[in-house]
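What follows is a single structure, written as structure tokens, with notes after it.
Values quoted throughout were computed directly from the atomic coordinates according to the rules given, and no laboratory measurement underlies them. Since the model is a prediction, treat every value here as computed from it, not as a measurement. Glycine also receives a Cβ, built like all others from the backbone with ideal geometry; neighbour counts cover every protein chain displayed.
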Amino acid sequence: MKMANPNYSKPLPAISELNRPYWDGLKNHRLRLQQCAACATIWSPPAPLCPRCWSREIVWTDLSGRGRVNSWVIFHQSYFRGFEGELPYNVAEVELDEGPRLLTNLVGVDHAAIRAGMRVEIVFDEVTEAITLAKFRPIAE
Amino acid sequence: MAASPMLNMKDRTAIAGAGSSVYGRRLMRSPIDLAADALAAALDDAGLGRAELDGLVVSFGTPIGADGDTIAQVLGLKLRAFNQTWAHGRFTASCIQWAALMVAAGMASAVACMASVSFSGLRKPAMGGAGDAEGAREAGGSHGQDPAYGMTSPGAGAALVARRYFERYGATARDLAAIPVAFRKHAALNPGAMMREPMSIDDHQRSRFICEPLRLLDYCLINDGAACVIVTSAERARDLKKPPVYIGGMQPLPAGREEFIWAYPGFGVLQQAVADYDAGLQPVYKMAEVAPKDLDALFSYDAFSILPWIALERFGFCKPGEAAGFTAGGRIELGGALPMNTNGGLLSEGHIMAWNHQVEIVRQLRGECGARQIKDAALIQWANCYGDSLIYHR
């Protein structure tokens with residue numbers, strides 16, 4: 001992976017007690033989400049209890065890092081100075097094989113080639129010393 | 001399962017007055033000042049004095065509009081009952097529903113429901129980008145904001161829905177042009193509308209992308225202004241200056257993992273399941289004891305052009321995936337079978353959080369709309385992509 005950029009100027013995620021294990025996982029190149037030990041549901045975003053059965057028996061479970069593009073948009077308007085140099089840039093919603101969806105950026109693909117249902121896998125992007133983002137790239141079926 | 005009602009709200013309350021400030025870009029007037037214009041106009045329209053107003057429900061205060069407690073202090077109101085939502089557009093009908101319930105419960109007798117906004121003048125809030133509070137919400141913004149990946153602004157959430165819609169149902173961005181084009185035609189007949197120049201489908205297709213697949217002309221206006229309606233009991237409204245506009249049916253605002261702000265359950269964005277959605281007969285029609293076919297017009301939140309499509313499908317005017325066909329060929333235009341947003345909507349009249357739509361509904365039902373008047377308008381619905389609704393009749 002590339003070296004973390006000390007001049008990284010894009011917004012960084014707000015770390016909370018609820019989501020810290022998620023970001024710690026990405027930093028260690030592991031995509032983890034919460035799973036209910038009682039009913040096996042896996043979900044996002046992080047919650048204090050299982051949104052399905054309200055059990056507090058929760059484990060952070062490793063996921064495959066693979067999924068499919070569910071929807072996507074292309075930003076042509078500048079909202080963040082840090083993204084200005086990359087306009088137009090994509091934001092995609094990836095449905096993980098385990099079910100939950102994540103918002104992300106697709107890398108290594110022309111915008112015109114993005115398709116719903118496109119198979120993708122995670123790329124760990126170490127944007128700062130502390131933060132690694134989960135991005136996705138196309139893979140073969 | 002719906003509880004059986006303890007109180008029949010059908011026709012128990014009414015809109016007794018409606019009023020608005022001027023709507024415009026960079027008015028450089030404070031939101032409290034604009035709120036004063038709208039409130040005074042609504043009270044005058046009802047024939048009520050300031051001292052007779054004892055309730056206030058405000059949507060959209062800080063950081064974009066005037067807060068209810070400030071309005072009460074600065075305008076010298078003496079209120080028994082006051083409440084306010086946070087700064088989201090989705091609470092327009094809910095505010096009117098709270099007011100109706102307060103009146104029915106005897107907690108207030110005349111309740112002003114309103115919003116004032118300063119999107120372009122003195123306040124200029126961050127709608128997306130670095131200063132946007134939505135993007136800083138724990139567990140993500142309610143329009144899908146996720147700033148670390150550049151996902152920001154309400155319009156991007158609507159663009160995510162639009163792309164998913166096009167992919168799932170095969171409709172196109174060109175089909176979507178029917179919405180802004182229809183509402184611009186209506187705005188051309190409304191002297192109070194901000195954007196009145198003709199717009200063609202090709203104009204829409206030539207406008208620049210903001211968040212693709214949505215273009216500039218899929219986005220509502222960014223402006224300043226205020227609008228207000230006064231809720232009283234139906235009995236009291238009959239004794240006031242103008243004919244009452246009865247609230248015949250109400251349907252509340254849902255929330256949960258199946259509710260993305262701009263898509264009905266089963267649509268399949270954010271954490272929604274992918275499932276067939278069947279509107280069935282929505283509860284608002286049962287309360288009002290009317291059928292969708294009886295409506296003279298439909299009003300809906302149109303901050304982005306995809307939203308009226310979602311509302312039409314959510315309420316069962318057409319099946320999921322059929323909105324493009326439904327809105328083609330002038331059906332939703334004045335003279336069509338189901339005119340929508342005859343004021344020009346947020347897309348062309350102005351963005352007053354759809355409080356301007358409530359004012360327009362009242363004026364249509366009283367026959368006050370001049371060149372854009374729907375002949376003999378008697379029954380009009382507010383039906384939202386969020387799932388909330390009101391049925392008004394004269």
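Taking 0.36 nm per residue of separation and subtracting the Cα-Cα distance, full extension of the segment from A:Asp110 to A:Lys27 would add 27.2 nm.
Where both residues lie in the protein assembly as shown, what percent of DSSP beta bridges are antiparallel, nearest 5?
Details: 67 of 80 bridges.
Approximately 85 percent, going by the DSSP bridge assignments.
What fraction of the DSSP beta bridges in chain A is antiparallel, stated in percent and rounded to the nearest 5? Write down the numbers at each step before the final one.
Values: 29 of 30 bridges.
Antiparallel bridges: around 95 percent, rounded to the nearest 5.
In segment A:64-141, Cα pairs under 8 Å separated by at least six residues give a relative contact order of 30 percent.
The mean sequence separation of alpha-carbon pairs under 8 Å and at least six residues apart, normalised by the residue count of segment B:262-322, gives a relative contact order of 32 percent.
What are the DSSP H helices in chain B that stretch 18 Å or more along their long axis, judged by alpha-carbon atoms, and whose average Kyte-Doolittle hydropathy comes to at least -1.0?
Helices meeting the span and hydropathy rule in chain B are B:31-46, B:92-104, B:154-169.
In plain terms, the residue of B:Glu368, B:Glu212 with the fewest other Cβ atoms within 10 Å comes first and the most crowded comes last, giving B:Glu368, B:Glu212.
Counting helices only, and only those DSSP H runs with n ≥ 4, report the 222 nm mean residue ellipticity of chain B as the sum of -39,500 (n - 2.57) divided by its residues, in deg cm²/dmol to the nearest 500.
Working: 13 runs with 114 residues, N = 394.
So the helix-based figure for chain B works out to -8000 deg cm²/dmol.
Under a point-charge model restricted to the Cβ atoms of Lys and Arg (+1) and Asp and Glu (-1), what is the dipole moment magnitude of segment A:1-125 relative to its Cα centre, in debye to the nearest 20? Using Cβ point charges on Lys, Arg, Asp and Glu, segment A:1-125 gives about 80 debye. Share of antiparallel DSSP beta bridges in chain B, in percent to the nearest 5? That works out to approximately 75 percent antiparallel.
Could you please rank A:Val127, B:Val74, B:Val269, B:Val57, placing first whichever residue has the fewest other Cβ atoms within 10 Å of its Cβ? Don't skip to the answer; put the middle values down first.
Details: A:Val127 17, B:Val74 14, B:Val269 21, B:Val57 26.
Going from sparsest to densest Cβ surroundings: B:Val74, A:Val127, B:Val269, B:Val57.
For B:Met107, the shell of other residues with beta-carbons less than 14 Å away shows a net charge of +1, using +1 for Lys and Arg and -1 for Asp and Glu.
As a calculated quantity, the FRET efficiency between B:Ile201 and A:Thr128 at R0 = 35 Å, using C-beta atoms, amounts to about 0.15. With a ≥ b ≥ c taken as the square roots of the eigenvalues of the C-alpha gyration tensor of segment A:16-62, please select rounded if a/c is under 1.5 and otherwise prolate if a/b is larger than b/c or oblate if it is not? Verdict is prolate for segment A:16-62. Under the rule a/c < 1.5 gives rounded, and otherwise a/b versus b/c splits prolate from oblate, where does chain B land using the Cα gyration tensor? Rounded, because the longest to shortest axis ratio a/c is under 1.5.
Quick one: grab the alpha carbon gyration tensor of segment B:142-294, order the square roots of its eigenvalues as a ≥ b ≥ c, and give me rounded if a/c is under 1.5, else prolate or oblate depending on whether a/b is larger than b/c. The shape class here is oblate.
In this Cβ point-charge picture (+1 for Lys and Arg, -1 for Asp and Glu), the protein assembly as shown has a dipole of about 360 debye about its Cα centre. For chain B, what is the charge dipole size about the Cα centre, in debye to the nearest 20, if Lys and Arg each add +1 at the Cβ and Asp and Glu each add -1 at the Cβ? With only Lys, Arg, Asp and Glu charged at Cβ, the dipole is about 440 debye.
For segment B:1-131, what is the relative contact order in percent, using Cα pairs closer than 8 Å and at least 6 residues apart in sequence? Provide the component values of the computation, followed by the final result.
Values: 214 pairs, mean separation 39.5, N = 131.
Computed over segment B:1-131, the figure is 30 percent.
Exposure proxy shown here: for B:Met107, B:Met102, B:Met114, the number of other Cβ atoms within 10 Å sets the order, fewest to most, as B:Met107, B:Met102, B:Met114.
Of B:Gly248, B:Gly280, B:Gly155, the residue with the greatest mean-square motion in the GNM of chain B, using alpha carbon springs below 10 Å, is B:Gly280.
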